[in-house]
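In what follows, a single structure is set out as structure tokens and then discussed.
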Amino acid sequence: MTLRDHTDARGTTTMDADVVVVGSGPGGAALSRVLAEAGQRVVVLEEGPARPNFRPNQAHVSRYHMQEGGTMLARGSKILPVAAGRGVGGGSLVNSAICFRTPDAILDQWTDVLGGDTRYGPQRLGPIFEEIEALIGVGPTRDSIAGENNRLIARGVAKLGLVGGLVDRNAPSCVGCGLCNFGCPVGGKGSVDRNLLPMAMASGAIVQGDVKVHRILVENDRAVGVVGTVQDTDTREPVGELTVRAERVVVCAGGIGTPRLLHHSGLAERLGPATGAGLHIHPGNAVVARCDHIVKMWSGATQGAWFEDPALPGVLPHTMSLPPGALLLLLGQAGLAAKQMMHQLKHYAGCLVMVSDKGEGTVSASANGRAKIHYAFDPGDLERIKKGMVLTAEVLLAGGAKELTAPVHQIGRHTTATSLGKALEDRTIHDFIMYASHPMASCRMGTDPQTSVIGPDAQAHHLPGLYLADSSIFPTSLGVNPQLTTMALATAIARDMAQA
């Protein structure tokens, strides 16, 4: 059967393909484009909606475009939310459009992990980065749409002589409305539903939304397809079952979705102990600053500025953009206090502090298929977050801020970075409101089946025909926002698959 529309799969449907791809985010889209253009019959299955359903409302976006309704939590050292997108376009629908290339030092480290295999080294991936950046519209954040929140950070960075400033983003037609995390309302962001996926479809790929894959078919010790439940977009009630049989199965469901599916399919024991192990999440906190002048952190490019300090490797601060209601919650204000503070909110700026974590976690699945996530913080990560917050405070003050605070229990308000640093010294992990939105490395690539799930060719060590191509395969924590790395790796993997 050939699907022509996302509603065609209702009822019981079986179809054949050369490659079935589970997940339509950065990894699935990049891989599908290459394989479809190489003449492969490609079917892409996506759990989320076939078409964007955006509103400037967190509850609405969580319902339609966040995995598990935005309720995924990691348990362990503390409870923290873990965000992951869903819908045709995956996480690129609801991210901030930041595009960092993988640092060469990380790619060199991955080459070592792969026993000297250079297929994902800087020399090969460099041209692929350029190719992807052109296709998805990567360019510097324009000052005209940056907004004062980003400009303040850029001024502070320049004044202190740090590396950074306005960041590169795949938002070529951005108008600076600050709603990237709710889905772009004007089509200005180059999410993969606007570029890589249409390119794949132009070459014959079929992209089917509203299908939650729950089983990977295995016959004669080989992956031969998938089975998924077709769901109603609004109610998520089952309306059909779709089976796609294929010569190769590629799972691109992300750092949480991929190990969750492998566990729920009953393949974890077969694939080895690395299935769902080694999760990294780029945890972080933030510094919020009051200014005398008007900032309106919710206006301008979402997360449009960044910086780094060689003295703090693995620490990557970048701008925070929150709507007024979320900012009030972050500041711990409610009721009458929140009402009295409303007029002050336009004077606040903010900056996130993200670290490349040494802490690790695990991902498995409950009986009903929901993610079970555990994460243990490394004490050194918390100390680097604290140091990053002090540096961020210095940048905010240098950019024009007057008073500092942070989402840390009883941290108080401060007029110097030194004072903030002293207040942070004795705070434990339980005092911090942490957040994580970059799950990765949970089904790692490597040469040892005891510590990795797939080999350098992206095929599972213990199950021929099964491939992975998303952020779950990173051999280590990345240290930068992962979407561009995911697209580049998936492109390289697909080129090798097309020649196999």
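Inter-part distance, segment 37-98 to segment 161-237, computed on C-alpha centroids, equals 8 Å. Each Cα pair under 8 Å and six or more residues apart adds its sequence gap; the mean of these over the residue count of the chain is a relative contact order of 23 percent. Set the Förster radius R0 to 25 Å, insert the Cβ-Cβ distance between Asp112 and Gln499 as r into 1/(1 + (r/R0)^6), and round the FRET efficiency to 0.05. Efficiency computed from Cβ-Cβ geometry: 0.50. Taking the square roots of five times each eigenvalue of the Cα gyration tensor of segment 207-280, the equivalent ellipsoid has semi-axes of 22, 17, 10 Å, listed largest first.
Considering only Cα atoms, the convex hull volume of segment 279-367 works out to 144 Å³ per residue. Label point 7 Å out from Val163 along Cα-to-Cβ: which residues of segment 467-487 have amide N under 13 Å? Correct set: 480.
So what is the diffusion coefficient of segment 398-495 in µm² per second by Stokes-Einstein at 20 °C and 1.002 mPa s, using a Kirkwood Rh over Cα pairs? Display every interim value, and only then the final one.
Values: Rh = 16.8 Å.
After rounding, the answer is 127 µm²/s.
The candidate values were (i) 166; (ii) 134; (iii) 291; the one computed from these coordinates for volume of the Cα convex hull per residue in Å³ carries the label (ii).
For segment 133-209, the convex hull drawn through the C-alpha positions has a volume of 107 cubic angstrom per residue. Count neighbours as other Cβ atoms within 10 Å of each site's Cβ, and list the GluC sites (Glu not before Pro) in segment 321-427 that are DSSP loop with at most 15 such neighbours. Sites meeting the loop and neighbour criteria: Glu425. Taken along the Cα-to-beta-carbon direction at a fixed 7 Å, the label points for Glu130 and Glu269 span 5.1 nm.
Each Lys or Arg adds one and each Asp or Glu takes one away; over the other residues whose Cβ falls under 14 Å from the Cβ of His60, this sums to +2.
The label-point distance for His462 and Gln58, in a model that sets each label 7 Å from Cα toward Cβ, rounds to 4.1 nm. Just list whichever of Lys358/Lys386; Lys387/Lys422; Lys78/Lys387 have alpha carbons separated by over 22 Å in the model shown. Correct reply: none exceed it. Once the 1.4 Å probe is applied to the protein heavy atoms, segment 52-103 comes out at 36 Å² accessible per residue.
Its alpha carbons give segment 297-446 an Rg and a Dmax of 17.2, 55 Å. Rounded to the nearest 0.05, what FRET efficiency do Leu329 and Asn220 give with R0 = 45 Å and r taken as the Cβ-Cβ distance? Could you check? With R0 = 45 Å, the Cβ-Cβ based efficiency is 0.25. Electrostatic tally near Val355: other residues with Cβ closer than 12 Å to its Cβ, Lys and Arg +1, Asp and Glu -1, net -1. Please state the shape class of segment 355-396: rounded when a/c is under 1.5, otherwise prolate if a/b exceeds b/c and oblate if not, all from the C-alpha gyration tensor. Prolate is the answer for segment 355-396, as a/c is 1.5 or above and a/b outweighs b/c.
First measure r as the distance between the Cβ atoms of Glu247 and Asp448, then evaluate 1/(1 + (r/R0)^6) with R0 = 35 Å and state the FRET efficiency to the nearest 0.05.
Working: r = 27 Å, r/R0 = 0.77.
It comes out at approximately 0.85.
Per-residue 3J(HN,Hα) values for segment 26-32, derived from phi via the Karplus relation 6.51 cos²θ - 1.76 cosθ + 1.60 with θ = phi - 60°, read x, x, x, 5, 5, 5, 5 Hz in sequence order (x marks Gly and Pro).
The values are calculated or read from the model by the stated rules, or taken from the named source; none is laboratory data. Every value quoted in this text rests on a predicted model; they were computed, and no experiment measured them. When we count neighbours, we look across all protein chains shown, and the Cβ atoms used for this are built from the backbone with ideal geometry, even at glycine. Ligands, DNA and RNA are stripped out before the accessible areas are found, and what is left, the full protein with its side chains, is counted by its heavy atoms. Shrake-Rupley method; radii C 1.70, N 1.55, O 1.52, S 1.80 Å.
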